[in-house]
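Peer 1: Before I ask anything, let me first share the structure, which is written out below as structure tokens.
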């Protein structure tokens, strides 16, 4: 994977994580528990995938 595609992929994942966490906070403030829980779980999965994605490509770059 070339460097520019990796950079845009990281940017996209970070934008998704920021959006999911913001929506979770807004839903918590509005006391909408089910959407807040769904957005929180989505945020956690996005962060998990982002860390795995970055780790995988940083390990392959060292080879």
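Peer 1: Is it fair to say residue 4 is on the phi < 0 side of the Ramachandran plot, without any contact (Cβ under 8 Å) to a residue 12 or more places away in the chain and surrounded by fewer than 10 Cβ atoms within 10 Å (Cβ to Cβ)?
Peer 2: Details: on the phi < 0 side of the Ramachandran plot: yes; without any contact (Cβ under 8 Å) to a residue 12 or more places away in the chain: yes; surrounded by fewer than 10 Cβ atoms within 10 Å (Cβ to Cβ): yes.
Yes, satisfied.
Peer 1: In segment 1-15, which residues are within 17 Å of the chain's Cα centre (by Cα) and within 14 Å of residue 53 (Cα to Cα)? If you could, list the steps in order and put the result at the bottom.
Peer 2: The first filter runs over segment 1-15 and keeps only residues within 17 Å of the chain's Cα centre (by Cα), leaving 5-15.
Across segment 1-15, the qualifying residues are 5, 6, 7, 8, 9, 10, 11, 12, 13, 14.
Rule-based calculations on the coordinates, nothing more; no lab input. Since the structure is predicted, the reported quantities are computational estimates derived from the model, not experimental observations. Quick reminder, even Gly has a Cβ in these numbers, built from the backbone with ideal geometry, and neighbours come from all protein chains shown.
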